Amino acid sequence: MNHPQPRPLRVALHPLKGAHPCGPAKPVPRVLPHGRWVLALGGAALLAACAGTGQPSGSPPKLGAARPGALLSCGDLASKAAVPGTVYTQISSVAAGSVTVGNASVPVPAHCLVQGQMNERTSPVDGNRYAIGFEMRLPLAWNGRFFYQANGGLDGVVIPAMGGIGGGGPTTTALQMGFAVISSDAGHAGSLGPRFGIDPQARLDYGYNAVAQLTPMAKNLITQAYGRGPDRSYIVGCSNGGRHAMVAAARTPDQYDGVLAGDPGYNLPRAAVAQLYGAQQYAKVASTTTAAGQPDLQSAFTPAEMKLVADRVLARCDALDGLADGIVSDVKACQTRFHLDTDVPTCTGARDGQCLTSQQKTALGNVFAGARNSAGKPIYNSFPFDSGVNGSNWREWKFVSPPTRDAGAVQFIFTTLPLSDRPGGLPFALGFDMDKDAPLIDATSGIYRESAMSFMSPPDASNLSRLRDRGAKMIVYHGTSDPVFSSDDTADWYARLQTANGGDASSFARYFPVPGMNHCSGGPATDRFDMLTALVNWVEQGQAPERVIAAARGPGALQVNTEVPANWSPQRTRPLCPYPQVAVYSGGDAESAASFACRARTP
Ligand SMILES: [Ca+2]
C-alpha cells in the first residue's frame with residue numbers, strides 16, 4: 001500500500017527518452033493517456049513496424065522479435081531516470097532467490113527493484129492525499145520486453161511486480177521469463193476503500209489515467225536501465241486487470257504490441273449494478289436472516305441446490321461436444337438445450353437440495369437473464385448456465401460480494417453524484433433503485449466531468465483498427481462460469497469486433513472461453529495455461545494461436561484446485577479453442593488434449 005505525501009496535482013507528460021522509432025509517441029489528450037512503452041527496433045523490423053501505420057486491415061505488418069539485453073544501471077537510476085512528478089522512494093538490487101507475495105514464496109531472478117510514486121497531491125475535494133504508487137522490477141538478464149501487470153479489484157495496493165501470467169496456479173511469472181515488470185496501485189491507497197471515488201481525479205486514475213501516466217515513466221526507466229527501450233511491450237491482467245488491458249487497447253493502441261485480457265470487466269459499472277440486482281433477487285428467497293436481521297444471501301441457494309443445477313446442466317449439455325467428461329465445451333449451444341424451469345425439479349414440499357422452489361427459479365432465472373430495470377431494459381448482459389455454477393468462487397461473488405464489494409464501489413465510485421450519504425453494505429444493495437439509481441453510472445455532474453461508464457470502459461470497445469493496423473495482437477480469455485463478469489458480455493464484444501472487421505477479427509484478436517472456470521481461475525475446469533507465451537509467439541513470430549493447451553490442477557499440482565472432479569485425471573489437459581470454435585472429442589484418451597479438435601460449434 002502506498003502512503004502519498006502532498007505534492008502538486010498537475011502532471012506534465014514526461015519527455016520520452018526512447019521515442020517511438022516511427023515517429024513521436026502520441027502524447028495523450030488532455031487528461032492523460034494510458035499507455036505503455038516505446039519500441040526500439042532495428043533494421044528490417046523497424047521498417048516493418050513503421051510500415052504498419054495506415055495499412056489496410058487485411059495486411060497488418062509483422063512486428064519483429066524482441067532482443068535480449070543486460071541491466072546496465074540500477075543504483076544510479078534515481079538521477080538517470082529523473083522526471084518531473086515522479087519520486088523514487090527505493091531503488092535496490094535484489095539477488096536471485098524468492099520473494100514472499102501473500103502466503104506464497106515466488107522465485108525471482110536477480111533484478112533491480114524500483115519503487116516510487118507519481119503525482120502526489122492533496123485532493124481539494126476530500127482532503128486526502130493521493131499518488132500513483134508503483135514498483136518496477138528489472139531483471140539483470142532481460143528479454144527485451146516490457147510487461148504491464150494490470151491488477152484486479154479496486155486496485156489500491158502495489159502488488160509485487162512478479163508479472164502473473166493469468167489462469168490458475170501458473171508455474172512461472174513474466175519476471176522469471178525476463179520481462180521488465182511494473183505494478184501499481186492505480187492512484188489511491190487501499191486504506192480508503194471505495195471512498196477514493198469521492199475524488200474525481202482518483203476516479204480517472206483508477207479508470208485509465210494511472211496506466212497512461214505510468215507508461216512513459218516506465219519506458220524511460222527501462223531506457224535508462226538497459227540503454228534502450230523495450231523492443232516489445234505487453235499489458236496483461238484479469239478481472240479489473242483485464243478491463244485495464246481492454247481499455248488500454250482501445251485508448252492507446254500505439255503503446256501496446258500485445259494485450260492479454262482475462263475475464264475482463266470492460267463494462268464494470270454495469271456488472272457492479274448487476275451484482276446489486278442479484279442481491280435483490282437472492283434476498284427474495286433467502287431462508288434465513290443474519291444476526292443483524294438482514295436476509296442471509298447465502299441461504300438463497302445452498303451448495304447442494306447449486307450442485308443440482310450444475311448436474312442438470314451437465315445432463316443436458318455435456319455430451320454436445322462428443323464426450324460426457326464433466327466439461328461443457330459448447331456453452332452457447334447449451335443455452336438452448338438447458339431450461340431451468342423444466343430441467344430442474346420444482347419443489348413440492350420443503351427445500352431439500354434436490355429441487356428448487358418456483359420462487360427460486362424466478363430469482364435465479366432473472367440473474368442469469370441479466371439485470372434489468374422495471375421496464376425490462378437490460379442493465380447488464382446475461383450469464384450462461386454452465387457446469388461451474390456450484391464453485392466456491394461462484395458463491396463468493398454472487399452471495400458475499402454484493403454487500404461487501406459492489407455496494408461500496410457503486411456508492412462511491414460509479415454513481416454521479418456519489419451516493420455518499422446512504423447507509424452502505426447490504427442496505428445499500430437492497431435499496432438501490434434499478435430505475436432511478438442505475439442511470440447514475442452514465443451521469444456527469446459538476447466536478448465529476450466523466451461518467452463511470454466513460455472512465456471505466458473502452459471508449460469504443462469494438463473499434464481496434466489502430467491496434468490491428470500496427471500489427472499488435474490481442475488475446476482475451478474468460479471463464480464461462482465467471483459469476484461476476486459475464487462471458488456472454490465478452491462473446492458479444494467479440495461478435496461486434498468480428499462485424500467491425502468484415503466478419504473476421506481472428507487475424508489480430510482471438511477470444512478463448514474457458515469452460516467451467518470461475519472468475520479468473522477455479523471451478524471444475526482446466527484452468528492452468530500460458531497465454532502469454534502464445535501471445536508473444538503471435539506478436540513476434542507470427543504464429544497465431546490455433547488452440548491453447550490447458551491443464552487441470554488436481555491432487556499433486558503446485559497449487560491444487562480442490563474443485564477438479566475426483567473422476568478426472570489430476571493432470572487432465574484440454575485445448576482451449578478460439579471462439580466461436582469449441583473443443584470436440586475426436587477419439588482416444590479422454591484425459592488428453594490430443595483427443596480433441598477445435599471445430600465450428602455443434603449444430
Ligand atoms: Ca463434454
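The values are calculated or read from the model by the stated rules, or taken from the named source; none is laboratory data. For clarity, every value in this text was computed on a predicted model and none was experimentally measured. Counting neighbours? That spans all protein chains shown, and the Cβs are built from the backbone with ideal geometry, glycine included. Heavy atoms of the whole protein, side chains included, go into the accessibility calculation; ligands, DNA and RNA do not. Shrake-Rupley method; radii C 1.70, N 1.55, O 1.52, S 1.80 Å.
Things worth noting here:
- Relative contact order of the chain, taken over Cα pairs closer than 8 Å and 6 or more residues apart, is 15 percent.
- Simple spin-label estimate for residue 106 and residue 315 gives 4.4 nm between the two label positions (7 Å along the Cα-to-Cβ direction from each Cα).
- Percent antiparallel among DSSP beta bridges (both partners in region 440-570, rounded to 5): 25
- By the Cα gyration tensor, the chain has an equivalent ellipsoid whose semi-axes, rounded to whole angstrom, run 38, 30, 22 from largest to smallest.
- Among 282-294, 433-445, sorting by the average number of other beta carbon atoms lying within 10 angstrom of each residue, highest first, gives 433-445, 282-294.
- Cα centroids of region 99-174 and region 360-431: 29 Å apart.
- Seen through its C-alpha gyration tensor, with square-root eigenvalues sorted a ≥ b ≥ c, region 311-363 comes out prolate because a/c lies at 1.5 or above while a/b is bigger than b/c.
- Full extension of the chain between residue 453 and residue 292 yields a length gain of 54.6 nm, computed as 0.36 nm times the residue separation minus the alpha carbon distance.
- Of all DSSP-defined beta bridges confined to the chain, some 60% are antiparallel rather than parallel.
- Computed over protein heavy atoms with a 1.4 Å probe, the carbon and sulfur contribution to the accessible area of region 270-455 reaches 52%.
- Here region 490-516 and region 188-205 have alpha carbon centers that stand 33 Å from each other.
- Environment charge of residue 342, counting only residues whose C-beta is closer than 13 Å and scoring Lys/Arg +1, Asp/Glu -1: +2
- Tensor-based shape of region 511-550 (alpha-carbon gyration tensor, a/c under 1.5 rounded, otherwise prolate or oblate): prolate
- Using just its DSSP H runs of length 4 or more, each adding -39500 (n - 2.57), the chain gives a mean residue ellipticity at 222 nm of -7000 deg cm²/dmol after division by all residues.
- For region 280-419, the relative contact order comes to 23 percent (Cα pairs under 8 Å, sequence separation of at least 6).
- Total charge dipole magnitude, the chain, about the Cα centre, Cβ charges on Lys, Arg, Asp, Glu only, Debye to nearest 20: 1300
- Per residue solvent-accessible surface (Å²) - the chain, probe of 1.4 Å: 35
- Burial ranking of peptide ranges 458-471, 259-272 (average Cβ count within 10 Å, highest at the top): 259-272, 458-471
- Cα-projected label distance for residue 590 with residue 96, points at 7 Å along beta-carbon direction, nm: 4.5
- Length added when fully stretched, residue 445-residue 420, from 0.36 nm per residue minus Cα-Cα: 7.5 nm
- Which listed pairs, of 332/377; 332/436; 398/473; 377/473; 62/332; 284/398, have C-alpha distances above 25 Å, in listed order: 332/436; 398/473; 377/473; 62/332
- Other-chain or far-sequence residues with amide H under 5 Å of residue 106's (modelled H): 99, 100, 101
- Between residue 87 and residue 366, residue separation times 0.36 nm minus the direct Cα-Cα distance comes to 95.5 nm.
- The DSSP beta bridges internal to region 79-208 are antiparallel in roughly 90% of cases.
- Taking a ≥ b ≥ c as the square roots of the eigenvalues of the Cα gyration tensor, an a/c ratio of 1.5 or more together with a/b no larger than b/c marks region 228-372 as oblate.
- Ordering of 74-87, 316-329, 133-146 by packing is 133-146, 316-329, 74-87, highest average first (other Cβ atoms within 10 Å, averaged per residue).
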